[in-house]
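These notes concern the structure reproduced below.
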Amino acid sequence: MRWIRWIDTLVAVFVVALVVIARMPASVSAVTLPTVNASATCGKVACGSGFNQSNHDFVNGPLANTTVNLNGTNTTVGQCTLCHTPHSALLTTLLWNHHLSNNSQFSWDVNTTMAGTPFTVFQNNWTGSTTKCLSCHDGSVSRQTINWFMGQTPLPGSNTAVCTTSGTPPVTRCVASGSHIGNGGNMADVHPVVMPYPCGRVQNTYGPSASQTGAAFVANEWVSQPPAPIEIYTNPSGNNVNRQTQGACTGTTNGIECGSCHDVHNGIGAVYDMDLLRGNINPAGATGYICQLCHAK
Ligand code: HEC
Ligand code: HEC
Ligand code: HEC
Ligand code: HEC
């Protein structure tokens with residue numbers, strides 16, 4: 001009967017379409033989104049449950065009781081103040097209150113990635129989140145060393161309770177040594193940051209030296225628009241850095257910072273199984289492996 005043939009044809013077309021879609025190079029629709037590991041903790045609380053009592057909550061988290069020396073008296077500062085302050089901030093962007101790194105500049109030991117993208121040499125006051133993270137995580141400044149609190153200027157670095165000095169030459173470490181990134185300004189062995197991301201699978205430009213994705217990048221090995229909660233940044237002009245809408249990076253001035261892979265606030269619903277990570281890393285039953293949220297390998 002003719003109408004059955006029509007249905008057969010329709011079904012056949014539908015199946016062919018499904019096969020074609022399935023065989024298309026990996027795109028956003030093919031990315032498996034992260035799943036929560038309910039037992040994972042980020043500090044004293046579950047990953048992705050918000051800032052309070054997380055790794056970066058230095059008042060109620062695992063590293064509680066951070067004090068700042070105000071005119072000779074150790075005073076516990078507010079939860080947010082070790083990083084942001086409403087007044088007298090060091091920088092307008094993010095109202096940043098923590099002292100910048102003592103390393104004025106960060107660089108890698110090679111010039112370009114395999115694709116030919118130049119690694120960015122960046123100063124400690126680059127606007128992106130990377131320099132904010134490194135102000136503590138490169139080990140050069142104690143986490144209590146802030147700019148301002150309640151009308152009083154703290155004594156910089158006067159509380160060294162969480163800093164230890166070791167090695168030859170001696171290096172003062174102010175976060176646990178396992179958390180060290182960029183010690184001495186040396187970014188060798190660290191995944192690219194302050195680097196362009198090939199949004200739309202085309203070459204992008206990003207950062208203080210307008211680094212451009214190398215011509216040898218393989219377009220279809222990139223997720224065109226990395227899904228939430230991955231954070232892609234845009235640097236349309238000068239040192240202005242903004243967030244892109246998650247899951248929708250447009251234009252060609254996009255790049256990645258530490259904040260692309262990590263949520264410093266243990267953001268609600270944005271961190272899954274460890275290390276304030278915007279994705280999963282533990283293989284046990286988890287989908288949304290962090291690396292494949294950007295790399296379509
Ligand atoms: C005010 C200082 C400070 C700033 C700024 C800061 N961190 Fe941290 N961070 C710490 C300390 C202290 C810890 C606790 C672990 C430790 O002592 O190493 C920590 C913990 C972490 C952890 C968990 C480490 C673990 O072993 O589980 C990650 C991941 C992390 N930070 C990433 C970042 C990123 C990314 C940024 C910027 C977006 C950032 N941090 C900004 C001080 C800071
Ligand atoms: C491409 C994604 C990515 C970027 C970008 C990234 N990280 Fe991570 N980071 C991870 C992953 C994945 C882990 C967990 C695996 C591990 O511990 O190596 C991690 C772990 C960490 C830890 C825990 C201790 C450690 O070394 O394992 C700290 C602290 C940290 N990152 C800080 C940073 C800082 C600071 C930056 C920016 C300079 C940064 N990360 C950029 C993916 C990233
Ligand atoms: C350990 C340092 C640290 C602490 C503590 C911290 N923040 Fe942040 N905050 C950051 C960094 C770094 C960024 C930039 C994040 C990025 O771009 O990845 C940021 C960004 C922000 C932003 C602007 C971007 C956004 O996410 O909307 C706001 C608002 C903010 N923080 C508020 C707070 C508040 C409120 C608290 C206290 C409850 C707090 N932060 C505690 C480091 C911190
Ligand atoms: C937020 C997006 C993003 C995530 C997530 C991500 N990467 Fe990358 N990765 C990049 C970008 C951008 C580059 C630089 C590409 C270029 O232009 O050469 C890069 C480069 C690399 C390179 C090549 C470096 C070189 O010298 O050529 C490797 C290897 C790599 N990433 C591994 C990883 C691994 C492993 C993970 C998971 C832990 C990961 N990436 C997660 C964005 C990401």
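Every number here is computed from the coordinates shown, using simple stated rules; none is lab data. For clarity, every value in this text was computed on a predicted model and none was experimentally measured. Glycine gets a Cβ as well: all are built from the backbone with ideal geometry, and neighbour counts include every protein chain shown.
Observations
- Neighbour-limited loop hits for chymotrypsin sites (Phe, Trp or Tyr not before Pro), the stretch 182-235 (at most 13 other Cβ within 10 Å; DSSP other than H, G, I, E, B): none
- For the stretch 176-237 versus the stretch 72-128, the spacing of their alpha-carbon centroids is 17 Å.
- Proximal charge balance of Val264 [Cβ under 15 Å; K/R count +1, D/E count -1]: -1
- Its relative contact order, with pairs defined as Cα atoms under 8 Å and 6+ residues apart, puts the stretch 97-142 at 47 percent.
- Modelled label positions at Arg243 and Asn102, each set 7 Å beyond Cα in the direction of Cβ, lie 3.3 nm from each other.
- Taking Asp57, Asp109 and counting other C-beta atoms within 10 Å, the order from fewest to most: Asp109, Asp57
- Length gained on full extension, Ala30 to His191, computed as 0.36 nm times the residue gap minus the Cα-Cα distance: 55.6 nm.
- Take every Cα pair under 8 Å whose residues are at least 6 apart in sequence, average their separation, divide by the length of the stretch 191-297, and the relative contact order is 26 percent.
- Estimated vicinal HN-Hα couplings, Hz - the stretch 138-143 in sequence order (Karplus 6.51, -1.76, 1.60; Gly, Pro = x): 7, x, 8, 9, 5, 5
- Calculated from backbone phi, Karplus (6.51, -1.76, 1.60) coupling profile of the stretch 54-67 in Hz, x at Gly/Pro: 7, 3, 9, 8, 7, 9, 10, x, x, 9, 6, 6, 5, 10
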